[in-house]
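Visitor: What follows is a single structure, and I will ask about it in a moment.
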Amino acid sequence: MIDFQSILTSINEAVIHEKDKGKIADYIPELAKIDINNFGIHLIDSQQENYAAGNSDEQFSIQSISKVLSLSMVLGLIGEKVWKRVDVEPSGDPFNHLSLLELENGIPRNPLINPGAIVIADILVSQLENPKEEFLAFVQNIANDYTIDYDKEVAKSEKRTGFMNFAAANLLKSYDNLNNDVDVVLDFYFHQCSLSMSCAQLTHIFYMFMNHGKCRRNKAYLTLSQVKRINAIMLTCGFYDEAGEFAFEVGLPGKSGVGGGIVALLPNKFCVATWSPGLNPKGNSKLGMLALEKLTTQTELSIF
Ligand code: DON
């Protein structure tokens, strides 16, 4: 039996003493206010036992981690048709780069880079009557936690400074891969990214990706084949131009966000989330990656 609790406790002790904690994302001004010294880690195993260390119950902005949840909702609504509008190849580029989008005629490389997630947001805006309310309810239901909410200040802050996302949405529109108004789609996208959650809440949602698409109450939100696809996309695209490094160091499918969160999972075994707001130059949490490397090394558990 692996003693997850003592492993998490020792990982927390080790990483909080690291001198170089990375740099907080400041292109969304509201995120720049967060204390860089925060660190939390939470793990739920297949038996739904929970283990935690550090500030694992403090909420933060999940940002790009939300892209996995919007993709999940779209797969449930329109199924495989989604792949006509977005591809499933790693980009090897930073999350906000647009050069490939122009080269590839407005079809984003994958749903986890910003242009891909904006296409997914466009599909939700088309499919749902009240997109923001219904997406939030989808997330709350999976978690069985109705306290989860958007952080409206973060959404507003990104709306003021999200020039690259406005550029991406306009480029998509020019290639006929955006059906709704740029402002409407981005309003939804900025809210989706502003979802506030703790490490514990994140693992309670991402539990379904290690449990064949079924949430903690055993309700199926995704089919086996959909979970296989989403986990594959997380592994190959979840960390942008650092997806190779994350697979190399950690060896799990996962997703990061510029709020400093990372969630990762080992099918049938566990789901883990970390939060440390300092990012490395590729935009992924510096201490989060270090902590997860220690976790898979010390437990000798990874998909490889
Ligand atoms: O669109 C953006 O730039 C942000 N709302 C999300 C980016 C993000 O989290 C990238 N992740 N590492």
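Visitor: Which of the residues belonging to the stretch 259-294 are within 16 Å of the ligand (Cβ to nearest atom) and assigned to a strand (DSSP E or B)?
Guide: Of everything in the stretch 259-294, those that are within 16 Å of the ligand (Cβ to nearest atom) and assigned to a strand (DSSP E or B) turn out to be G261, I262, V263, A264, A273, T274, W275, G278, L279, S285.
Visitor: Still on this model: May I ask you to verify whether I36 is of a type in the set (V, I, T), in contact with a helix residue (DSSP H, G or I) (Cβ under 6 Å, 6 or more places away or on another chain), in the same structural domain as L266 (by TED's automatic domain parsing) and within 28 Å of K159 (Cβ to Cβ)?
Guide: Working: of a type in the set (V, I, T): yes; in contact with a helix residue (DSSP H, G or I) (Cβ under 6 Å, 6 or more places away or on another chain): no; in the same structural domain as L266 (by TED's automatic domain parsing): yes; within 28 Å of K159 (Cβ to Cβ): yes.
For I36, the condition - of a type in the set (V, I, T), in contact with a helix residue (DSSP H, G or I) (Cβ under 6 Å, 6 or more places away or on another chain), in the same structural domain as L266 (by TED's automatic domain parsing) and within 28 Å of K159 (Cβ to Cβ) - is not met.
Visitor: Could you tell me whether G257 is surrounded by 24 or more Cβ atoms within 10 Å (Cβ to Cβ) and either more than 13 Å from the chain's Cα centre (by Cα) or of a type outside the set (A, V, I, L, M, F, W, C) (or both)? I'd like the intermediate steps shown before the answer.
Guide: Numbers: surrounded by 24 or more Cβ atoms within 10 Å (Cβ to Cβ): yes; either more than 13 Å from the chain's Cα centre (by Cα) or of a type outside the set (A, V, I, L, M, F, W, C) (or both): yes.
Taking the combined requirement at face value, the residue satisfies it.
Visitor: Which numbered condition in (1) acidic (D, E); (2) touching a residue at least 40 places away in the same chain (Cβ under 8 Å); (3) farther than 23 Å from S72 by Cα is the only one that E104 fails?
Guide: Unmet for E104, out of (1) acidic (D, E); (2) touching a residue at least 40 places away in the same chain (Cβ under 8 Å); (3) farther than 23 Å from S72 by Cα: (2).
Visitor: From the list E80, E89, which one is more than 24 Å from T147 (Cα to Cα) and within 18 Å of the chain's Cα centre (by Cα)? If you could, list the steps in order and put the result at the bottom.
Guide: Details: E80 fails: within 18 Å of the chain's Cα centre (by Cα).
That would be E89, the only listed residue that is more than 24 Å from T147 (Cα to Cα) and within 18 Å of the chain's Cα centre (by Cα).
Visitor: Would you be able to say whether some residue in the stretch 155-171 is in contact with a strand residue (DSSP E or B) (Cβ under 8 Å, 6 or more places away or on another chain), over 28 Å from T236 (Cβ atoms) and buried (at least 18 other Cβ atoms within 10 Å of the Cβ)? Walk me through how you get there before you give the answer.
Guide: So the first thing to find is which residues in the stretch 155-171 are in contact with a strand residue (DSSP E or B) (Cβ under 8 Å, 6 or more places away or on another chain), and the list is none.
No, the stretch 155-171 contains no residue that is in contact with a strand residue (DSSP E or B) (Cβ under 8 Å, 6 or more places away or on another chain), over 28 Å from T236 (Cβ atoms) and buried (at least 18 other Cβ atoms within 10 Å of the Cβ).
Visitor: Right, next: Restricted to the stretch 80-99, and to residues that are within 16 Å of the ligand (Cβ to nearest atom) and of a type in the set (A, V, I, L, M), which residue is surrounded by the fewest Cβ atoms within 10 Å (Cβ to Cβ)?
Guide: Within the stretch 80-99, the match that is surrounded by the fewest Cβ atoms within 10 Å (Cβ to Cβ) is L98.
Visitor: Evaluate the stretch 109-121: report whether one residue or more is within 12 Å of the ligand (Cβ to nearest atom), of a type in the set (G, A, S), surrounded by 22 or more Cβ atoms within 10 Å (Cβ to Cβ) and in contact (Cβ under 8 Å) with a residue 60 or more places away in the chain.
Guide: Of the stretch 109-121, the ones within 12 Å of the ligand (Cβ to nearest atom) are 112-118, 121.
Pick out the ones that are also of a type in the set (G, A, S) and you get 116-117, 121.
Now drop any that are not surrounded by 22 or more Cβ atoms within 10 Å (Cβ to Cβ), which leaves 116-117, 121.
So of that shortlist, the ones also in contact (Cβ under 8 Å) with a residue 60 or more places away in the chain come out as 117, 121.
Yes - at least one qualifying residue is present in the stretch 109-121.
Visitor: Restricting to the stretch 247-304, name every residue that is among the β-branched types (V, I, T) and closer than 13 Å to Q63 by Cβ. So that I can check it myself, show each step before the final result.
Guide: First, pick out the residues of the stretch 247-304 that are among the β-branched types (V, I, T): 250, 258, 262-263, 272, 274, 296-297, 299, 303.
Answer for the stretch 247-304, where residues must be among the β-branched types (V, I, T) and closer than 13 Å to Q63 by Cβ: V258, I262, V263.
Visitor: Please work out which one of (1) crowded, with 20+ Cβ neighbours inside 10 Å; (2) of a type in the set (S, T, Y); (3) within 18 Å of A273 (Cα to Cα) is the condition S196 fails and give its number.
Guide: Result: S196 fails condition (1) only.
Visitor: Collect the residues in the stretch 161-175 that are over 14 Å from I120 (Cα atoms) and of a type outside the set (S, T, N, Q), keeping them in residue-number order. I'd like the intermediate steps shown before the answer.
Guide: Step one: filter the stretch 161-175 for residues over 14 Å from I120 (Cα atoms), giving 161-164, 166-167, 170-171, 174-175.
Listed by number, the residues that qualify are G162, F163, M164, F166, A167, L171, Y175.
Visitor: Of (1) among the β-branched types (V, I, T); (2) surrounded by 19 or more Cβ atoms within 10 Å (Cβ to Cβ); (3) closer than 23 Å to A137 by Cα, T223 satisfies all except one. Which?
Guide: T223 satisfies every listed condition except (2).
Visitor: Suppose we keep only residues that are within 16 Å of the ligand (Cβ to nearest atom) and assigned to a loop (DSSP other than H, G, I, E, B) within the stretch 52-65. Which one would you say is surrounded by the most Cβ atoms within 10 Å (Cβ to Cβ)? Break it down into steps so the answer makes sense when it comes.
Guide: Of the stretch 52-65, the ones within 16 Å of the ligand (Cβ to nearest atom) are 59-65.
Add one more test, that the residue is assigned to a loop (DSSP other than H, G, I, E, B), and what stays is 59, 62.
Numbers: Q59: 20, I62: 33.
Residue satisfying both the conditions and the ranking: I62.
Visitor: Filter the stretch 139-183 down to the residues that are closer than 14 Å to Q201 by Cα and in a helix (DSSP H, G or I), then identify the one that is nearest to the chain's Cα centre (by Cα).
Guide: V139
Visitor: Tell me whether the stretch 71-92 contains one or more residues that are at pLDDT below 95 and among the hydroxyl-bearing types (S, T, Y).
Guide: yes
Visitor: Among the residues of the stretch 213-228, count how many are touching a residue at least 40 places away in the same chain (Cβ under 8 Å) and in contact with a Leu (Cβ under 8 Å, 6 or more places away or on another chain).
Guide: Result for the stretch 213-228: 2.
Visitor: Now for a different question. V68 versus (1) closer than 26 Å to Y27 by Cα; (2) of a type in the set (V, I, T); (3) part of a loop (DSSP other than H, G, I, E, B): which is the lone unmet condition?
Guide: Among (1) closer than 26 Å to Y27 by Cα; (2) of a type in the set (V, I, T); (3) part of a loop (DSSP other than H, G, I, E, B), the lone unmet condition for V68 is (3).
Visitor: Which condition number does A32 fail, the rest of (1) away from the ligand (no atom under 16 Å from the Cβ); (2) free of Cβ contacts under 8 Å to residues at least 12 places away in the same chain being met?
Guide: Of everything listed in (1) away from the ligand (no atom under 16 Å from the Cβ); (2) free of Cβ contacts under 8 Å to residues at least 12 places away in the same chain, A32 misses just condition (1).
The values are calculated or read from the model by the stated rules, or taken from the named source; none is laboratory data. What you see is a predicted model; the values in this text were computed from it and never measured. Positions of Cβ are generated from backbone atoms using ideal geometry, with glycine treated the same way; all protein chains shown enter the neighbour counts.
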